[in-house]
1. Take the range A:264-278 and flag every residue that is surrounded by fewer than 21 Cβ atoms within 10 Å (Cβ to Cβ) and more than 7 Å from chain B (Cβ to nearest Cβ).
2. With the checklist (1) under 21 Å from residue A:346 (Cβ atoms); (2) surrounded by fewer than 20 Cβ atoms within 10 Å (Cβ to Cβ) in hand, flag the one item residue A:292 doesn't pass.
3. Looking at the range B:268-284, is at least one residue free of Cβ contacts under 8 Å to residues at least 40 places away in the same chain, in a helix (DSSP H, G or I) and over 27 Å from the mean Cα position of the chain (by Cα)?
4. Taking only pairs six or more apart or across chains, which ones have beta-carbon atoms under 8 Å, a first residue in the range A:412-425 that is modelled with pLDDT of 90 or more, and a second residue that is in a loop (DSSP other than H, G, I, E, B)?
5. Give, as residue ranges, the helices (runs of 4 or more DSSP H) completely inside the range A:13-88 that count at least 3 residues that are away from chain B (no Cβ under 14 Å).
6. Would you check if residue A:102 is touching a residue at least 60 places away in the same chain (Cβ under 8 Å), within 26 Å of residue A:254 (Cβ to Cβ) and touching a strand residue (DSSP E or B) at 6+ places or on another chain (Cβ under 7 Å)?
7. Name every residue in the range B:1-27 that is closer than 14 Å to residue B:42 by Cβ, at pLDDT below 55 and surrounded by fewer than 14 Cβ atoms within 10 Å (Cβ to Cβ), in order of residue number.
8. Within the range B:222-259, restricting attention to residues that are more than 8 Å from chain A (Cβ to nearest Cβ) and surrounded by fewer than 18 Cβ atoms within 10 Å (Cβ to Cβ), which residue is farthest from residue B:186 (Cα to Cα)?
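The values are calculated or read from the model by the stated rules, or taken from the named source; none is laboratory data. Since the structure is predicted, the reported quantities are computational estimates derived from the model, not experimental observations. When we count neighbours, we look across all protein chains shown, and the Cβ atoms used for this are built from the backbone with ideal geometry, even at glycine.
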């Protein structure tokens, strides 16, 4: 425990100087100094350090500091690096590292490893813990059963505050972190929970049933983790009991796990909206190409589709080169307006704010916004085209195409994600490509089509 | 407390049928049925209901169910709707609603209201609570001081488990939710904390100082809330004590508040990357236009810049119309590759994974990825141009422009956000526009420039 505050008050996370010191100690092969720095780091910061240095430095670090990579550091590492680090650790060091982890952290650590690596870790554990972890692993990936801590503090529903205090003082295997005592019936079915604060603040004779809280909710072990995160967020929960098929208490999920899920979902949304597959900063060039190329290939196909539209109007373009100069503006404005509308829609679908109840209203509003944006920018661009190319008719054509494309952009931006969501696809994944294809095609076709019809 | 589970197990959040039932009861003017439905809703779901119905329905709902809007529902409402709902409530109902809220929720509720509305709410509170809230409001917006619950359970550092149990049983004003007992010295400076689980599981004679946890950290009340969220996330905290200028314990932030901040930051990141200002689904057309038009205006300027580049090459385009057909492909591929690279960079900056320690490596990697992407798509597009227009030279020109633009896209995608971050601007806010301007200009200039030089 710190005796004075400065460290914990002003410094959070690693800073460049710390990394610099570690690198210097590594270069000087000064193992004592190195251990001094590394041992003082919080496991989360040690994991960040391993992510920040390059591969050669990482190997050397692990070789010079093998006993100190504990399970906490392993579970803080990004998934991409975990396998690499696990392979670099001697089997004994790996075993020691895993032994002092909580079961849910072990599950998180082993679930993405291949069979031999999984076995190596599970072999290190005592039989009861191994069983608990194998039970968790038997639930579907990304489900409540994988997230939960399989040990919950559960007591008979007829107990008093005094009973639970005596019980807890007698037990020496309580979880590291827990916030509720669960009340169960004789079949181990959970009936409610009591916060530790209420247990502590009531007389020994008080019945626990009189202290249970309204916020109480339960989920089956098969519940998907995004649903779990939603329940935590929506109802401000701290603990959520998980039940098996028979309705028995199987474990408990705590808010810190839900926060991790929320963070991962957010990462996924942002990367997918940006047209990137699963990618970590520690990935190498090959991994990155694998994450990005498929998206660029899709974009190439849609760009070719837009070009085919332009090719239909090559006569118009040879006659009036100004069309080639102005057409990207129509497409670009449509792409941007469509992206705005789809970003809001994707986010609202993720937070469940956009539902069948308000859909019609939201679509109507996007149409009005698209139309109004269209009129404003039509006026601006029409005027600009008039002065730039001295042709009032060209101005009118550009303005009209702008109105059409911004209206279409607003509608596509909301309808495409909604349609994908109804088809049980992730709207974040493909909306961008669909919407910009629509706005490119409509933008080029409306502008060049109107120009051909009116100007030629 | 529920006696059987179905409700809490399978149904989370509002569903369309519930909203339909409420609407039907509203249309039938059946106040009893309406109250029956509404009273059964969790405050978070009641707030969602108010967000999902339209303005007229909302007014009627509040008129028919005024006493039942409690503080919880108010604090669950999206910010945009809060003022509207507060204005619709009779002063008495508002006062009742606010009285049973925790202080940090009151702060969250009043901080965005204008002066008269703020006064109306503060007047409803008892003097000590009002003072606590005004103290919180004296800290900067979006700081730890605003987030914290100003009441913490703090006891002298020399106390034992028995002392704290007796103290808690005697107090009747403990916070609703708390997870740690803080140990303070005689000057009220916090020295560590003990989880309630440890208090409960140790004998009465145990000294609290022997039970403190390593995870303990402290922040000053001025700490920005994104830093607070980072500290919670990085170190898996549940409670974080907040100290004032004199180092005295001023309050405590709990993980649920940090989760809310994290969620808001996510929302902000996604919307900014999508080129939308602060926008809520409940906003009206005017608010939406205000959030989106400035961005479209910026985009228009950059689109015009790209057009000016094209205009430099009008002779080439009149001579070879194929250039106008193919040029959007070069720009579009560059825009997409740049967006991929910037999305990863913006996210890595937000999670503090991209730092001065690994910057050079990441930039080099983006350059290599850009170059390799460029070569692959140059080959594809060069071949396509050859077969489409029967000109090998046009194929080479297109391929060369593609290599140049994808390399530039990769570099711009990483360097622009990093530059904005160093300039203390939010990289999510403006990177997209900058990067696509670069890729449009470079795409058009390299393709049309090379074509002019080689083909004419």
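1. Matches in the range A:264-278: A:264, A:265, A:268, A:277, A:278.
2. Every listed condition holds for residue A:292 apart from (2).
3. Checked the range B:268-284: no residue is free of Cβ contacts under 8 Å to residues at least 40 places away in the same chain, in a helix (DSSP H, G or I) and over 27 Å from the mean Cα position of the chain (by Cα).
4. Once the first residue is modelled with pLDDT of 90 or more and sits in the range A:412-425, its partners that are in a loop (DSSP other than H, G, I, E, B) give A:418/A:354; A:420/A:426.
5. Working: elements: A:16-27, A:31-39, A:43-52, A:55-64, A:71-76, A:79-88.
Fully inside the range A:13-88 and qualifying: A:31-39, A:55-64, A:79-88.
6. Values: touching a residue at least 60 places away in the same chain (Cβ under 8 Å): yes; within 26 Å of residue A:254 (Cβ to Cβ): yes; touching a strand residue (DSSP E or B) at 6+ places or on another chain (Cβ under 7 Å): yes.
Yes: the conditions hold for residue A:102.
7. B:7
8. Filtering the range B:222-259 down to residues more than 8 Å from chain A (Cβ to nearest Cβ) leaves B:222-226, B:228-229, B:237, B:239-242, B:244-246, B:248-254, B:257.
Still in the running and surrounded by fewer than 18 Cβ atoms within 10 Å (Cβ to Cβ): B:222, B:224, B:226, B:244-246, B:248.
On the way: B:222: 23, B:224: 28, B:226: 31, B:244: 15, B:245: 16, B:246: 13, B:248: 10 Å.
Of everything passing the filter in the range B:222-259, B:226 is farthest from residue B:186 (Cα to Cα).
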